[in-house]
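S.K.: Starting off with a structure, shown below.
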Amino acid sequence: MTEFIKKSCAYFAGTVTFLIAIKTCFGIATTLEVMAFITSLCAIVCTTIAWLEVRDRIAPFGKRNCTGNEVGSVSLTVRRALEAVKYASRDDESIALQANKIVRRGLDKRCIQYKDYKRWRQKNPAVFTAITDDCNQLLGFFDIFPLTEEAATGLLNGRLHERDLTSDSIVPFEYNADAKKIYIASIMENPQQRTYNHIVARDIIILKCIEFIISTFPAKDGRMLFAYAHTNMGERLLKNAGFTNTVLAQDNKQHRALYELSPDEYKESAKAFDVTPGIRVCSLRGKVAPNKWLYPTAERTGSG
């Protein structure tokens, strides 16, 4: 509902500003009655457009407290969906560009630009992974950075902001196996996707992200995961996943709470998941939907 109100107000303010500019530039004379009618019409149109954009995200499964039947229904839907979704080709630049626009519009307009991120992906294709449906429509994506010791230390001690990272901060692809510090920069759903219910799409993206991390950066001595919580959903996910809050928002340059999963904790968490090479479905103790992670009462963790 908050997103609906924000969108409605933004669209209405933009429309009214545009109309005032047109009236001023061309000297169009109008009566108070006409202005009142146009303003009311603009308000109706703007709220309608905003509602159409967010209505699929305000779904029956979006209630704060999910019953057992609802959780089971979501789990079954997710199980079936995981058989249909896929990792997008790393050579598909249209998907990468679309994802970058989603981040810049919806999370951080000052984050890395597409042309610069393309160089990062050329150095290490594993930093960006997109999930698509069987028609190659973008469902969501995640950015996982294997960082150099220097870059990771800068983020962990609060001296660096994510925007301070460069391609030199990323470990080359051929050295992924040796990377010790894995930074979960973002996990995001495509807000325009209509293939699945918002809750189902979110769960798919999180599960595929877990599968990717465990497969690409398996738990080993000295390897730890960390992330900044940019949203309430992201913070809840990190807590439920066993991450520990090590730095408060006011104590780092990012101005977000920092969460870490130590090497030992990562090993314990990884044991709960079954990721078989060659099988695309990640499961938790035989159950496709990790209820402990996703339904504590029943995302973007960082900026990307």
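The values are calculated or read from the model by the stated rules, or taken from the named source; none is laboratory data. Just so you know, these numbers come straight off a predicted model, no measurement behind them. Neighbour counts run over all protein chains shown; Cβ positions are idealised from the backbone, glycine included.
S.K.: Of the residues Lys180, Lys239, only one is more than 30 Å from Ala81 (Cβ to Cβ), surrounded by fewer than 19 Cβ atoms within 10 Å (Cβ to Cβ) and either in contact with a His (Cβ under 7 Å, 6 or more places away or on another chain) or in the same structural domain as Arg104 (by TED's automatic domain parsing) (or both); which?
M.R.: None of the others qualify; the one that does is Lys180.
S.K.: Quick check: is even one residue across region 17-33 within 28 Å of Pro191 (Cα to Cα), hydroxyl-bearing (Ser, Thr, Tyr) and surrounded by 14 or more Cβ atoms within 10 Å (Cβ to Cβ)?
M.R.: No; the residues of region 17-33 include none that is within 28 Å of Pro191 (Cα to Cα), hydroxyl-bearing (Ser, Thr, Tyr) and surrounded by 14 or more Cβ atoms within 10 Å (Cβ to Cβ).
S.K.: Can you tell me how many residues within region 98-138 are outside any helix (DSSP H, G or I) and under 13 Å from Ile187 (Cβ atoms)?
M.R.: 5
S.K.: Still on this structure: Out of curiosity, is Phe141 in a strand (DSSP E or B), of a type in the set (Phe, Trp, Tyr) and closer than 19 Å to Asp91 by Cβ?
M.R.: Yes, satisfied.
S.K.: When only residues in region 93-148 that are over 15 Å from the mean Cα position of the chain (by Cα) and among the aromatic types (Phe, Trp, Tyr) count, which is surrounded by the fewest Cβ atoms within 10 Å (Cβ to Cβ)?
M.R.: By that ranking, first place goes to Tyr114.
S.K.: Which is within 18 Å of Leu107 (Cα to Cα) and in contact with a strand residue (DSSP E or B) (Cβ under 7 Å, 6 or more places away or on another chain), of Ile187, Ile182?
M.R.: After ruling out the rest, the residue left standing is Ile187.
S.K.: Within region 153-169, can one find any residue that is surrounded by fewer than 23 Cβ atoms within 10 Å (Cβ to Cβ) and farther than 20 Å from Asn252 by Cβ?
M.R.: Taking every residue of region 153-169 in turn, at least one turns out to be surrounded by fewer than 23 Cβ atoms within 10 Å (Cβ to Cβ) and farther than 20 Å from Asn252 by Cβ.
S.K.: Here is a follow-up. Return the only residue of Leu155, Leu207 being within 22 Å of Lys109 (Cα to Cα), modelled with pLDDT under 95, in a helix (DSSP H, G or I) and not hydroxyl-bearing (Ser, Thr, Tyr).
M.R.: Result of the check over Leu155, Leu207: Leu155.
S.K.: Let me ask something additional. Is it true that some residue in region 165-183 is outside any loop (DSSP other than H, G, I, E, B), under 27 Å from Lys101 (Cα atoms), within 15 Å of the chain's Cα centre (by Cα) and not hydrophobic (A, V, I, L, M, F, W, C)?
M.R.: Yes, that holds for at least one residue.
S.K.: Taking Ser94 as the residue in question, decide whether it is out of contact with any strand residue (DSSP E or B) (no Cβ under 8 Å at 6 or more places or on another chain), at pLDDT 85 or above and not in a helix (DSSP H, G or I).
M.R.: No.
S.K.: Identify, from the list Ala241, Ala257, Ala270, the residue that is modelled with pLDDT of 90 or more and on the phi < 0 side of the Ramachandran plot.
M.R.: Ala257
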